[in-house]
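Novice: I have a structure here, written as structure tokens, and I will follow up with some questions on it.
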Amino acid sequence: MRRDPKRADGLHPLLAGRFSPYRFDPSAAVDDDALGLLLEAARWAPSAGNSQPWGFFASRPGEPGHERVLPHLAPSSARWATDAGLLVVTSARRHVDATDLLYSEFADYDLGQAVAHMTVQARAMGLAAHQFRAFDLEGLTKELDPAPGWSIVSMIAVGTAAGEAPEGRERRSVADLLSAPWSPSA
């Protein structure tokens, strides 16, 4: 492992070029075919025991669902997320059923895998995705009223980025990824 840890040489271009835009082109729509491919990518993500404990509420500008989501964005995310062609509310099925409420310890991890698949698929389609948590969770939960056992986790803005990835995006080094969580004696 003698490569410069700050370089992404050899990394697949879909991953190396991925970034989370803070500006979207408001005139660029995400059509039904694109939405279907994004959801299909999420559908094929791995999950513990093939449980697939994820669900999505997808809304686009001009659709009634979009008007339900927008009021719950925090001002910091409303500045840019409202211009995205698609807003997706993500949810995880953390409990098996409403009677015994057994916790699925992998639900959030599995949802993260589904979102990562969706993000890479978006990039492959020339779209950008920005995951975020700057919204009123309590208000959005009340508005969307998820089924028992389901919890809203995050949101994703998807659309055409207005501008390129910023220069000098800092990432932790590979060495730090390998050493950060472990005690020196491990």
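Novice: Just checking, how many residues over the stretch 133-160 are in a helix (DSSP H, G or I) and out of contact with any His (no Cβ under 7 Å at 6 or more places or on another chain)?
Specialist: Total meeting the criteria: 5.
Novice: Condition first: under 24 Å from Val30 (Cβ atoms) and either free of Cβ contacts under 8 Å to residues at least 12 places away in the same chain or among the small types (Gly, Ala, Ser) (or both). Now tell me which residues in the stretch 102-140 satisfy that.
Specialist: Within the stretch 102-140, Gly112, Ala114, Ala116, Ala122, Ala124, Gly126, Ala128, Ala129, Ala134 qualify.
Novice: Please work out if Ala48 is surrounded by 16 or more Cβ atoms within 10 Å (Cβ to Cβ) and closer than 21 Å to Ala114 by Cβ.
Specialist: So Ala48 fails the test.
Novice: Tell me the residue from Ser77, Ser91 that is assigned to a helix (DSSP H, G or I), among the hydroxyl-bearing types (Ser, Thr, Tyr) and buried (at least 18 other Cβ atoms within 10 Å of the Cβ), please.
Specialist: Of Ser77, Ser91, the one residue that is assigned to a helix (DSSP H, G or I), among the hydroxyl-bearing types (Ser, Thr, Tyr) and buried (at least 18 other Cβ atoms within 10 Å of the Cβ) is Ser77.
Novice: Can I ask one more? Give me a count of the residues in the stretch 17-42 that are in a helix (DSSP H, G or I) and either surrounded by 14 or more Cβ atoms within 10 Å (Cβ to Cβ) or of a type in the set (Phe, Trp, Tyr) (or both).
Specialist: 7
Novice: With respect to His130, determine if the residue is in a helix (DSSP H, G or I) and either touching a Ser or Thr at 6+ places or on another chain (Cβ under 9 Å) or within 24 Å of Ser47 (Cα to Cα) (or both). Don't jump to the end; show me each part of the working.
Specialist: On the way: in a helix (DSSP H, G or I): no; either touching a Ser or Thr at 6+ places or on another chain (Cβ under 9 Å) or within 24 Å of Ser47 (Cα to Cα) (or both): yes.
Taking the combined requirement at face value, the residue does not satisfy it.
FYI, it's all coordinate maths here, none of it is from the lab. If you're wondering where the values come from, they're calculated on a predicted model, not measured in any experiment. Cβ: placed from backbone, ideal geometry, glycine included. Neighbour counts: every protein chain shown.
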